[in-house]
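Everything below concerns the one structure shown next.
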Amino acid sequence: MNSTDPISRTTHSDRRQVRYVTTAIPYVNAPPHIGFAMEQVQADCLARLYRQQGHQVRFQAGADENSLKNVQTAEAEGISVEELVARNSARFLELKEALHLSFDDFIRTSSDDRHRLGVEKLWTKCAEKGDIYKRAYKGLYCVGCEQFYKAADLLDGHCPEHGTAPDEISEENYFFRLSRYQGELRNAIVSGDLQVVPDSRRNEVLAVIEGGLEDFSISRSAGRARGWGIPVPGDRDQVTYVWFDALANYITAPGYGAGERDFETFWLEASTREHVIGKGITRFHAIYWPAMLLSAGLPLPTRILVHGYVTVEGRKIGKSVGNAVDPVPIAGSFGADALRYYLLRHIRSTEDGDFSDDRFRQAYNSELAGQLGNLAHRSLSMIERYCDGRIPVRGGGACEIRDAARRLVSSVGPQLEQFAFQDALTEIWTVIAALNKYVTDVEPWSLAKTADTATDEKVAAAARVALKNCLSDLAFGLAVVGRCLWPLLPSTSERLLGQLGIDASGRVALEETAIEGNVVRNDPILFPRIE
């Protein structure tokens, strides 16, 4: 067994770690759109990377069902809230198969008893700490954001996120003493104990903290909530504020309050606890949530990864605009990996990016079909034609293309872990381009002709060696590309590795893979061109 084989080399220490990865849980007042699909794919990529590195991983998703906007949507449709959230949560759950997601659990906050038990326990712990009190309050409330705004935070009197005028609300609520944790939160972020990625979001959070934190309301009157939500422990006239409820899913899903061992494993004892979220909810995750955890005496997340928004044809996605793009039909028509590729490579993870049908098709035809699909098809075809379908043994000697593949193995993992999906795919495609150029430069078909027709045996023998070396190099490069693609494009990776005779079933790990002598299988092209 060759321990220096780059296909077998992991990108980090072999020490097994426990890693917990979550997406935000979305409101389910509407079906999922392509922006949330991007978040799911990003989190899935991290979870798959960690599994590939041999770590113990829990990947968590779910649905936020206890919001007032769900109540209002159900009323507008003339159906019960239970019916609305069940229907739309099922649509979000469909993303698992449609996008080849690997999450281990999907929690529904309105119907899962473990969530209710966990929220009640969290509330009780914060109350015992003296961090919850009741008082009258009057403020401007945006139902879309499910939060109160100060007049100074509005843009021309409208919510900066949704562009709508907030409602003026006056009622008695329970409050959380966020102000008590200003210093601890700042220290956690400055020290790096709680990382907020990218730095621009980290700086925004620090600016909010240093500007002074005010206590925030964590309940709503049961009347205004139409009785929908988790009742406040000991006060059934109030329901738990949706953010105090929803944020808790990260600990209630693995069993906080329900006595499940997974909570100890994946929160209390985890090596990393990572949330992948959109930029519009950074304050809730980087300020409110850590403060709640500090109050309850629980560990903080280790990292909050903040992505930008997906626009469609240059416009922000919105119900009023009517431009929401359903990711499921796209994945059904072109394959999950085609959509995953666009979202991971053509939208930089921490910035806003645009989706358009024309750009999507161009990326598919040029990069997936024209570069990767074509490379795999012609390489495997030549191995079948010139080597009886077996990957030949290389004759030795230095090879620049193999060196490029070796470098790829050591660079892709760290880039993915740093949330730089675009950079990782750019490097992979650089190697794919180099392999395509290698084919053009070496012309293995010409070597095969020389090997068959040359009258000088030395010339013929040299051509045979060069041909075998070239095809062995191509197979090696494709195997490395296949391994590196698994967190990003899992179906493509498994198909490609399978064509090279590599067992790609289940969770593919970076194990030693001897490909020389494998029988190839030239299945239909990975990405057929589309019109």
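The values are calculated or read from the model by the stated rules, or taken from the named source; none is laboratory data. Please read these numbers as outputs of a predicted model, since none were measured by experiment. Please note: Cβ atoms are built from the backbone with ideal geometry, for glycine as well, and neighbour counts cover all protein chains shown.
Out of segment 335-363, which residues are of a type outside the set (Asp, Glu), out of contact with any Phe, Trp or Tyr (no Cβ under 6 Å at 6 or more places or on another chain) and farther than 16 Å from Ser493 by Cβ? Before you say what the answer is, go through the steps one by one.
Just the residues of segment 335-363 that are of a type outside the set (Asp, Glu), to begin with: 335-336, 338-350, 353, 355-356, 359-363.
Then drop every residue that is not out of contact with any Phe, Trp or Tyr (no Cβ under 6 Å at 6 or more places or on another chain), which leaves 335-336, 339-341, 343, 345-348, 350, 353, 355-356, 359, 361-362.
Within segment 335-363, Leu343, His346, Ile347, Arg348, Thr350, Gly353, Phe355, Ser356, Arg359, Arg361, Gln362 qualify.
Does segment 10-31 contain any residue that is among the small types (Gly, Ala, Ser), over 30 Å from Ile515 (Cβ atoms) and at pLDDT below 95? Don't jump to the end; show me each part of the working.
Looking only at segment 10-31, we keep the residues that are among the small types (Gly, Ala, Ser), and these are 13, 24, 30.
Restricting the remaining residues to those that are over 30 Å from Ile515 (Cβ atoms) gives 24, 30.
Subset that is at pLDDT below 95: 30.
Scanning segment 10-31, I find at least one residue that is among the small types (Gly, Ala, Ser), over 30 Å from Ile515 (Cβ atoms) and at pLDDT below 95, so the answer is yes.
Checking the condition in a helix (DSSP H, G or I), among the β-branched types (Val, Ile, Thr) and either out of contact with any Pro (no Cβ under 8 Å at 6 or more places or on another chain) or more than 21 Å from Arg407 (Cβ to Cβ) (or both), which residue from Thr455, Thr450 passes?
It is Thr450.
Quick one: which residue in His100, His33, His55 is in contact (Cβ under 8 Å) with a residue 60 or more places away in the chain and on the phi > 0 side of the Ramachandran plot?
Details: His33 fails: on the phi > 0 side of the Ramachandran plot; His55 fails: on the phi > 0 side of the Ramachandran plot.
Just one listed residue meets the conditions, His100.
Of everything in segment 430-485, what is of a type in the set (Phe, Trp, Tyr) and closer than 21 Å to Ala369 by Cβ? Give them in sequence order.
Just the residues of segment 430-485 that are of a type in the set (Phe, Trp, Tyr), to begin with: 438, 445, 476.
Passing the criteria: only Tyr438.
Return the residues of segment 99-137 that are surrounded by fewer than 21 Cβ atoms within 10 Å (Cβ to Cβ) and not charged (D, E, K, R); say none if nothing qualifies.
Ser102, Phe103, Phe106, Ser111, Leu117, Thr124, Ala127, Gly130, Tyr133, Ala136, Tyr137
Of all residues in segment 396-409 being part of a helix (DSSP H, G or I) and touching a helix residue (DSSP H, G or I) at 6+ places or on another chain (Cβ under 8 Å), which is surrounded by the most Cβ atoms within 10 Å (Cβ to Cβ)? Break it down into steps so the answer makes sense when it comes.
Within segment 396-409, the subset part of a helix (DSSP H, G or I) is 400-409.
This time we only want the ones that are touching a helix residue (DSSP H, G or I) at 6+ places or on another chain (Cβ under 8 Å), so: 401-402, 404-406, 408-409.
On the way: Ile401: 19, Arg402: 17, Ala404: 17, Ala405: 24, Arg406: 18, Leu408: 22, Val409: 19.
Restricting to residues being part of a helix (DSSP H, G or I) and touching a helix residue (DSSP H, G or I) at 6+ places or on another chain (Cβ under 8 Å), the top hit is Ala405.
Any idea which of (1) modelled with pLDDT of 95 or more; (2) closer than 22 Å to Ala331 by Cα; (3) not aliphatic (A, V, I, L, M) is the one Gln415 doesn't satisfy?
Result: Gln415 passes all but (2).
Looking only at residues that are basic (Lys, Arg) and in contact with a strand residue (DSSP E or B) (Cβ under 9 Å, 6 or more places away or on another chain) in segment 254-296, which one is surrounded by the most Cβ atoms within 10 Å (Cβ to Cβ)? Steps first, please.
In the first step, residues of segment 254-296 are kept if they are basic (Lys, Arg); the result is 261, 273, 279, 283.
Still in the list and also in contact with a strand residue (DSSP E or B) (Cβ under 9 Å, 6 or more places away or on another chain): 273, 279, 283.
On the way: Arg273: 24, Lys279: 17, Arg283: 16.
Within segment 254-296, the match that is surrounded by the most Cβ atoms within 10 Å (Cβ to Cβ) is Arg273.
For residues in segment 331-358 being in a helix (DSSP H, G or I) and over 17 Å from the mean Cα position of the chain (by Cα), which is surrounded by the fewest Cβ atoms within 10 Å (Cβ to Cβ)?
From segment 331-358, those in a helix (DSSP H, G or I) are 331-334, 336-345, 357-358; that's our starting set.
Narrowing further to those that are over 17 Å from the mean Cα position of the chain (by Cα): 332-334, 357-358.
Values: Gly332: 12, Ser333: 10, Phe334: 18, Asp357: 11, Asp358: 8.
By that ranking, first place goes to Asp358.
Inside segment 419-449, can you point out the residues that are closer than 25 Å to Thr350 by Cα, polar (S, T, N, Q) and touching a residue at least 40 places away in the same chain (Cβ under 8 Å)? Break it down into steps so the answer makes sense when it comes.
Keep residues of segment 419-449 that are closer than 25 Å to Thr350 by Cα, which gives 419-431.
So of that shortlist, the ones also polar (S, T, N, Q) come out as 422, 426, 430.
Residues satisfying the conditions are Gln422, Thr426.
Need the failing condition index for Leu247 against (1) farther than 22 Å from Phe103 by Cβ; (2) modelled with pLDDT of 95 or more, just the number.
Among (1) farther than 22 Å from Phe103 by Cβ; (2) modelled with pLDDT of 95 or more, Leu247 violates only (1).
Kindly indicate whether Phe148 is of a type outside the set (A, V, I, L, M), under 23 Å from Pro231 (Cβ atoms), crowded, with 17+ Cβ neighbours inside 10 Å and modelled with pLDDT of 95 or more. Reasoning before the result, please.
On the way: of a type outside the set (A, V, I, L, M): yes; under 23 Å from Pro231 (Cβ atoms): yes; crowded, with 17+ Cβ neighbours inside 10 Å: yes; modelled with pLDDT of 95 or more: no.
Spelling it out, it is not the case that Phe148 is of a type outside the set (A, V, I, L, M), under 23 Å from Pro231 (Cβ atoms), crowded, with 17+ Cβ neighbours inside 10 Å and modelled with pLDDT of 95 or more.
For segment 228-256, what are the residues that are among the small types (Gly, Ala, Ser) and under 21 Å from Tyr133 (Cα atoms)? If you could, list the steps in order and put the result at the bottom.
So the first thing to find is which residues in segment 228-256 are among the small types (Gly, Ala, Ser), and the list is 229, 234, 246, 248, 253, 255.
Selection gives Gly229, Gly234, Ala246, Ala248.
Can you tell me which residue within segment 380-395, out of those that are part of a loop (DSSP other than H, G, I, E, B) and out of contact with any Asp or Glu (no Cβ under 6 Å at 6 or more places or on another chain), is surrounded by the most Cβ atoms within 10 Å (Cβ to Cβ)? Let's see the steps before the verdict.
Taking segment 380-395 first, the residues part of a loop (DSSP other than H, G, I, E, B) are 388-389, 391-395.
Next, only the ones that are out of contact with any Asp or Glu (no Cβ under 6 Å at 6 or more places or on another chain) stay: 388-389, 392, 394-395.
Details: Asp388: 9, Gly389: 15, Pro392: 21, Arg394: 18, Gly395: 11.
It comes out as Pro392.
Which members of segment 68-104 meet the condition of being closer than 30 Å to Leu344 by Cα and β-branched (Val, Ile, Thr)?
Correct list: Val85 only.
State whether the residues of segment 297-307 include one that is touching a His at 6+ places or on another chain (Cβ under 9 Å), assigned to a strand (DSSP E or B) and farther than 27 Å from Gln60 by Cα.
Within segment 297-307, the first condition is being touching a His at 6+ places or on another chain (Cβ under 9 Å), and the residues that meet it are 301, 303-306.
With assigned to a strand (DSSP E or B) added as a condition, the list becomes 303-306.
If we keep only those that are farther than 27 Å from Gln60 by Cα as well, we get none.
So far as segment 297-307 goes, no, none of its residues is touching a His at 6+ places or on another chain (Cβ under 9 Å), assigned to a strand (DSSP E or B) and farther than 27 Å from Gln60 by Cα.
Given the residues Asp403, Asp456, Asp441, Asp352, which is the only one that is more than 23 Å from Gln40 (Cβ to Cβ), modelled with pLDDT of 95 or more and among the acidic types (Asp, Glu)?
Values: Asp403 fails: modelled with pLDDT of 95 or more; Asp456 fails: modelled with pLDDT of 95 or more; Asp352 fails: more than 23 Å from Gln40 (Cβ to Cβ).
Criteria check complete, one pass: Asp441.
Please work out which one of (1) touching a helix residue (DSSP H, G or I) at 6+ places or on another chain (Cβ under 9 Å); (2) under 25 Å from Asn88 (Cβ atoms) is the condition His346 fails and give its number.
It fails just one condition, (2).
Within segment 208-229, does at least one residue satisfy the condition of being crowded, with 20+ Cβ neighbours inside 10 Å, over 20 Å from Ala43 (Cβ atoms) and among the aromatic types (Phe, Trp, Tyr)?
There is at least one residue in segment 208-229 that is crowded, with 20+ Cβ neighbours inside 10 Å, over 20 Å from Ala43 (Cβ atoms) and among the aromatic types (Phe, Trp, Tyr).
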